[in-house]
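The values are calculated or read from the model by the stated rules, or taken from the named source; none is laboratory data. Source: prediction; values computed, not measured. So basically every Cβ, Gly included, is an ideal-geometry build from the backbone, and we count neighbours across all protein chains shown.
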Amino acid sequence: MTEITTTAQQTGLRGFLNKGGVWRFIAFMIFYLIIYVGVGQITGRVLRDIAEQPLLSSVTTVFVQLTLGLIVGAAILIATITYMGWTKELFARQPIYRSWWMWLGPAIVATPIVLRLLGIDWGFNALPVVVLVMATGLLIGFVEELMYRGIGVKMLRDGGHGEFAVAALTSLLFALSHSVNLLSGQSIKSVGPTVIYTISFGVLMYLTLRSVGFLVAAMILHGLTDPTTILATGGIDEITAAGSDNILLTAAGGFTLVLTLSGFVLLAFVRGRVSRATVVQ
């Protein structure tokens with residue numbers, strides 16, 4: 001194995017991103033979000049009739065309102081990590097030891113997923129809609145985890161940040177990125193609680209990354225969270241199943257409070273540091 005090449009003599013985009021650090025990651029995140037949100041805004045204007053229909057009304061509405069932008073986002077991120085030569089490192093085993101308590105992260109996230117999987121009326125929506133929502137959910141998990149627990153974690157570690165800062169900052173930025181939902185017409189009353197919830201969810205995804213040891217695990221758990229939530233609530237970033245008569249969906253919605261609080265509590269116990277010297281290829 002050989003140690004990853006120093007960035008001291010690198011220039012241009014590679015040199016900029018390889019130096020890491022929170023501000024460089026924020027710059028990349030803003031670049032990404034401008035394109036991602038821009039695609040959504042253009043699509044919404046060009047295909048207004050479809051964009052204004054209920055999300056789960058047809059395969060077309062799911063694709064236009066949700067899937068299309070994620071495909072563009074995935075293409076940007078895949079191109080970035082390929083260009084930077086980060087693919088092997090990001091998908092390799094984590095270069096830091098895990099503590100036993102970190103398994104609480106994936107366990108807490110998996111609980112409402114299981115409740116929703118058992119409680120959803122799978123025949124309520126058309127089968128093609130359900131299939132596309134589930135597939136799109138996995139795409140959400142791939143894109144958002146690659147961005148924040150993949151690229152974000154790497155760049156903050158490369159910038160010399162300890163693991164507490166890595167977990168806290170990537171989770172905060174992950175949550176703040178959801179504030180762009182305001183541009184799609186969601187109210188502050190909906191987006192505000194979602195941002196708070198998403199900070200905690202980001203911490204639990206970080207703990208999933210650390211406990212299992214691979215980014216793919218966070219992608220899968222995240223990829224099951226969103227589509228089951230959409231099918232249970234009928235909307236994007238709706239974190240509870242308000243008014244549901246289904247006891248399992250009600251329990252899943254109620255568990256949101258546990259999930260929200262647990263992320264903030266567990267964050268306080270995150271310790272450690274990953275140096276460039278410990279990352280090998």
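Out of Gly69, Gly20, report the one residue that is within 22 Å of the chain's Cα centre (by Cα), of a type outside the set (S, T, N, Q), at positive phi and buried (at least 16 other Cβ atoms within 10 Å of the Cβ).
Gly20
Here is a list: Thr228, Thr260, Thr233. Which entry is hydroxyl-bearing (Ser, Thr, Tyr) and modelled with pLDDT of 95 or more? Steps first, answer last, please.
Values: Thr260 fails: modelled with pLDDT of 95 or more; Thr233 fails: modelled with pLDDT of 95 or more.
Selected residue: Thr228, the only one of Thr228, Thr260, Thr233 that is hydroxyl-bearing (Ser, Thr, Tyr) and modelled with pLDDT of 95 or more.
Among the residues that make up the range 165-173, is at least one of them in contact with a Pro (Cβ under 6 Å, 6 or more places away or on another chain) and more than 26 Å from Gly40 (Cα to Cα)? Please lay out each step first, then the result.
As a first pass, look at the range 165-173 and keep what is in contact with a Pro (Cβ under 6 Å, 6 or more places away or on another chain): none.
Looking through the range 165-173, none of the residues is in contact with a Pro (Cβ under 6 Å, 6 or more places away or on another chain) and more than 26 Å from Gly40 (Cα to Cα).
So in the range 134-179, with the set limited to residues that are within 26 Å of Val59 (Cα to Cα) and more than 14 Å from the chain's Cα centre (by Cα), which one is surrounded by the fewest Cβ atoms within 10 Å (Cβ to Cβ)?
Here the residue is Ala135.
Condition first: in contact with a helix residue (DSSP H, G or I) (Cβ under 7 Å, 6 or more places away or on another chain) and at pLDDT 65 or above. Now tell me which residues in the range 236-253 satisfy that.
Selection gives Asn246, Leu248, Leu249, Ala251, Ala252.
Could you list all residues from the range 15-57 that are outside any helix (DSSP H, G or I) and either modelled with pLDDT under 90 or farther than 30 Å from Val166 by Cβ (or both)?
Within the range 15-57, the subset outside any helix (DSSP H, G or I) is 19-21, 47, 52-54.
Within the range 15-57, Leu47, Glu52, Gln53, Pro54 qualify.
Looking at Phe269, is it over 20 Å from the mean Cα position of the chain (by Cα), at pLDDT 95 or above, of a type outside the set (Gly, Ala, Ser) and surrounded by fewer than 20 Cβ atoms within 10 Å (Cβ to Cβ)?
yes
Return a yes/no flag: does the range 192-214 have any residue that is modelled with pLDDT of 95 or more, more than 13 Å from the chain's Cα centre (by Cα) and assigned to a loop (DSSP other than H, G, I, E, B).
Yes, the range 192-214 has at least one match.
May I ask you to list the residues in the range 77-104 that are of a type in the set (A, V, I, L, M) and modelled with pLDDT under 95?
Narrowing the range 77-104 to residues of a type in the set (A, V, I, L, M): 77-79, 81, 84, 90, 92, 96, 102, 104.
Ile96 - this is the single residue of the range 77-104 that is of a type in the set (A, V, I, L, M) and modelled with pLDDT under 95.
Identify, please: which residue in the range 120-133 is in contact with a helix residue (DSSP H, G or I) (Cβ under 6 Å, 6 or more places away or on another chain) and buried (at least 17 other Cβ atoms within 10 Å of the Cβ) and is, among those, farthest from Thr60 (Cα to Cα)?
The first filter runs over the range 120-133 and keeps only residues in contact with a helix residue (DSSP H, G or I) (Cβ under 6 Å, 6 or more places away or on another chain), leaving 120, 125, 128-129, 132-133.
Within this subset, residues satisfying the condition of being buried (at least 17 other Cβ atoms within 10 Å of the Cβ) are 120, 125, 129, 132-133.
Numbers: Ile120: 22, Asn125: 14, Val129: 9, Leu132: 10, Val133: 11 Å.
Among residues in the range 120-133 that are in contact with a helix residue (DSSP H, G or I) (Cβ under 6 Å, 6 or more places away or on another chain) and buried (at least 17 other Cβ atoms within 10 Å of the Cβ), the one farthest from Thr60 (Cα to Cα) is Ile120.
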